[in-house]
Amino acid sequence: MIQTFNLIKEGWIPCETQEGEVVELSLRDTLVYAHQLKGIHGNSPLEIASLYRLLLAVLHRVFGPKDKRTWFALWRAGQWDSTQLDAYFSEWYDRFDILHPDEKRRFYQRKPIGGKVTPVLHLIHSSGNNPALFSHVTDYNQPGATPAGAARALVTAQTFRVGGLLKPGVSGPDSPCARGVCFLLEGQNLFETLASNLIQYPKNNTLQQQGIIHTEYDCPAWELDDPYGEGRSTPNGYLDYLTWQSYRIWLEQPNQDGLIRQVQLGLGQPKLDYTVLDPMKYHRAIKKTSQNPAGYTPMRFREDRALWRDSAALLQVRAEERGGNDRQPLCIRWVSELLELDTDLDQPAVYLLMALGMANDQARIDFYRHERMPIPYEYFRMPELVSCLSVALKDAEEVSKALDGALYSMAECLITPEADMKEGRKPAPEDVRNLLTHWAIGRYYWGSIEPAFWQFVNALPKGREEALIGWKDALSRAVWEAFDMAEVLAGADGRAFKAAARGRAGLARRLSKMQKEVNNG
């Protein structure tokens, strides 16, 4: 007997209740009861982001909103209209079955032509790039996936799969979110989260500027008999982009134990055109090259740099603030515009800016990450706060550079005591860098000021002068505590004392110069 698993009816989306319990709900119930739920609780940041994009695609198709007035009406309703949702789901019910025998009705799937058969474990990442970081099983000891788990993997693969070799001579493209960080605003419940990220649709000038131009053919993938056609490198609109089918995937029927163990995988849509920029990402303007003709690069997770250090850039949604052509996440710009129109809008006192994605080098995946940055709503309404935030972060960067310079001088003298003499021998720069890397004082400095930074963010709307004084005091304490740690790591012999004295004097001199420049400015 052929099994079915319809996403509208069956529980498969992990949702967190307001009491903290995690339950698997159907697509319909997740949306209908969104106002009673806290949020999506996936197994990974990639899964969470993928499920949010899917939910937004459904909401855009049903509700728009065509303009800000429509959005305000949706927000004030406080929940999604179940009558409109049920009418839509009834019309397209058969297209949401992940095991439907009719290929044209299978959700997010088509049989690949000459595709390879692979374990369901490797649906999101290929086996060669799926190290123990993600799983401790092998191709010979592979667990299956429940239909619910396979459905989540299917949506995640079409959203985040990194391009690479499928079989000899055949390579697949990156899925839309494979590179860069996806940003979403999180409200007090799932309804608020979805509504905050439900931008104007279909007419949206910013989407057009980012290469997503609405056409009469725009619709989600499940509404198309053939979502691939002859292949296209630009989407027909935002819904087409949110449900972009980078791969042809076919889930095999479950075994007798009810688990799906294998999938067929092949090429889907070609690589997206370089003009298409994801509206959920931050894109930094760079010089155009033959390798990057778009002149933009998405913000990425870095192991050595926390995202809060770029928080001011993320919030600079007005062109006069940006001072350049960087593209901020569209949800931030959208909420800022809404709050400008209605300052009495009942919104969360603090939005959580979610950052979801992975760090990867080519096809190798290094780590997943899910960060939350608390942003008081005043920052969406008052651009002067963002300007102050930008100055504060620049101060932190300048202090960091002063610390780096002092530590370099200290390390030089520690390796070669005569390095401070006019004709003294200098150590090899590589040896100095290796020692500084071993100490990792920079990480200590940035880690120690993060709590003070968030205190500053919360204090700034209440009183700028007092907040800035507190921030500068925190920087001063952090930089000297960081240098003290370097002294301890350097040792306690005469050479170390001499090197530390040189470094301490250099740091004091650099900080004093910075203060004079601030006073003169």
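The values are calculated or read from the model by the stated rules, or taken from the named source; none is laboratory data. Predicted model only: the values in this text are computed from it and were never measured. So basically every Cβ, Gly included, is an ideal-geometry build from the backbone, and we count neighbours across all protein chains shown. Just the protein is used for accessible areas: all its heavy atoms, side chains included, with ligands, DNA and RNA removed. Shrake-Rupley method; radii C 1.70, N 1.55, O 1.52, S 1.80 Å.
Which of the following residues is at pLDDT below 95 and in contact with a strand residue (DSSP E or B) (Cβ under 9 Å, 6 or more places away or on another chain): A355, A363? Let's see the steps before the verdict.
On the way: A355 fails: at pLDDT below 95.
Going through A355, A363 in turn, the sole match is A363.
Out of L198, L166, L207, report the one residue that is closer than 30 Å to I113 by Cα, crowded, with 17+ Cβ neighbours inside 10 Å and aliphatic (A, V, I, L, M).
Going through L198, L166, L207 in turn, just one is closer than 30 Å to I113 by Cα, crowded, with 17+ Cβ neighbours inside 10 Å and aliphatic (A, V, I, L, M): L166.
Would you call E398 open to solvent by 10 Å² or more (accessible area, probe 1.4 Å) and free of Cβ contacts under 8 Å to residues at least 24 places away in the same chain? Before you say what the answer is, go through the steps one by one.
On the way: open to solvent by 10 Å² or more (accessible area, probe 1.4 Å): yes; free of Cβ contacts under 8 Å to residues at least 24 places away in the same chain: no.
So E398 does not fit the description; no.
Contact list please: Cβ distance under 6 Å, first residue in region 170-182 and without any contact (Cβ under 8 Å) to a residue 24 or more places away in the chain, second residue surrounded by fewer than 23 Cβ atoms within 10 Å (Cβ to Cβ), pairs at least six apart or on different chains.
So the pair list comes out as S171/L165.
So which helices (runs of 4 or more DSSP H) stay within region 207-325 end to end and still have 1 or more residues that are over 23 Å from the mean Cα position of the chain (by Cα)?
Once the helices (runs of 4 or more DSSP H) in region 207-325 are filtered for at least 1 residues that are over 23 Å from the mean Cα position of the chain (by Cα), what remains is 319-322.
At pLDDT below 95, among the small types (G, A, S) and either under 27 Å from V170 (Cα atoms) or not in a loop (DSSP other than H, G, I, E, B) (or both): is that true of G42 in this structure?
no
What's the total number of residues in region 411-469 that are open to solvent by less than 90 Å² (accessible area, probe 1.4 Å) and in contact with a helix residue (DSSP H, G or I) (Cβ under 8 Å, 6 or more places away or on another chain)?
So the count comes out to 33.
Out of (1) under 17 Å from N197 (Cα atoms); (2) in contact with a strand residue (DSSP E or B) (Cβ under 8 Å, 6 or more places away or on another chain); (3) open to solvent by less than 60 Å² (accessible area, probe 1.4 Å), the odd one out for Q347 is which?
(2)
Quick check on region 1-39: of everything there that is part of a strand (DSSP E or B) and hydrophobic (A, V, I, L, M, F, W, C), which residue is nearest to V155 (Cα to Cα)?
Applying the first criterion (part of a strand (DSSP E or B)) to region 1-39 yields 6, 13-17, 22-25, 37-39.
From what is left, the residues that are hydrophobic (A, V, I, L, M, F, W, C) are 13, 15, 22-23, 25, 37.
Working: I13: 11, C15: 16, V22: 20, V23: 19, L25: 16, L37: 21 Å.
Across region 1-39, the extreme among qualifying residues is I13.
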